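First the structure, in the form of structure tokens, and then the observations on it.
The values are calculated or read from the model by the stated rules, or taken from the named source; none is laboratory data. In this text, all values refer to a predicted model and were calculated from it rather than measured experimentally. These accessible areas exclude ligands, DNA and RNA; they are computed on the full protein's heavy atoms, side chains included. Shrake-Rupley method; radii C 1.70, N 1.55, O 1.52, S 1.80 Å.
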Amino acid sequence: MAGAVLNDKPATAARAATQARPSRTRKQHRENTSYGLQSQWQCLPDRTLLNFDRKGWVLTTGLLQQQQLQRVQACVEQVVQERKLDSLRHRVRVLCPGHKSQPGSITSAEQAQELIQQHGSSQLGFLQFFNLHRTQTIIAELVRSQQLAATAAQLLGVKKLRLYQDCVFLKEPGFAETNWHSDLRMAPLDCNAFVTAWVPLRPVSGAQGDSGLLFAEGSHRDFALPFWHDLRDRDLADRQYKLQDTGGRSWWSQCIVHLATWTSF
């Protein structure tokens, strides 16, 4: 899972993974990647690359046009309306693994939410809609766009990328907090070079009740944390991380620990 997101408007997250590569310096990488992506799109400053390496996440601006995002938002809202029940059935399978009800027998959103409330291992924190790029041209244009690919390649220090998936996260008013977690351990890939592009489809204030992502900066380097500790209901105070809230378009390592707070009505 890429973490919970936004309030009553969805967001998309595209994930890219790469194969292992020989170690190279950033200077060598830039000298050897003067292919079309690098020459056509924005070259990230050294400060951004350094922050990504040290903190595990960065904000970017100017990569996407507002008109493009408006088309994406309209498409996503239509898909969410059409597939919301299927998404709730998916959450029932995840959160109620021991319950006897078959997902196909769930015929309404109210029925699914009642099952999760009564039998779920945790509260409903978000809904997910996977791989819309396979059926929606507008989403495919976004997640396969060269400007996103160029940014991901620079952050990972590679020439070639593979798209793992896109996923729309919907966090509605009244949904619960998502606990601290990292995503890479839940991806079926033997790969460390893995980055997520996080694209909110509406402004997120980060204020209480308006859920954005909260990152524990530098936690992508803390291999002992998920190995020795259960992150559920943990405040991370003993790790002395700087906790950074962001509502903007961000890129983050799949190893960074993050959460999304609850949303108010």
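Where the centre of each part is set by its Cα atoms, how far does region 42-56 sit from region 74-99, in angstrom? Measuring centre to centre over Cα atoms gives 36 Å. Here the 3J(HN,Hα) profile of region 139-155, calculated from phi with Karplus coefficients 6.51, -1.76 and 1.60 at θ = phi - 60°, is 5, 4, 4, 6, 6, 9, 5, 5, 5, 6, 4, 5, 5, 4, 4, 5, 5 Hz, Gly and Pro shown as x. Shape summary: region 56-121 maps onto an equivalent ellipsoid whose semi-axes, from the alpha-carbon gyration tensor, are 34, 17, 8 Å in decreasing order. When Ser219, Ser108 are compared by accessible surface with a 1.4 Å probe, the order from highest to lowest is Ser108, Ser219. Checking the Cα-Cα distances for Lys84/Lys242; Lys171/Lys242; Lys100/Lys171; Lys84/Lys160; Lys160/Lys242 against a 29 Å cut-off, the pairs over it are Lys84/Lys242; Lys84/Lys160; Lys160/Lys242. Ellipsoid fit via the Cα gyration tensor, region 49-191: semi-axes of 32, 20, 14 Å, each the root of five times an eigenvalue, largest first.
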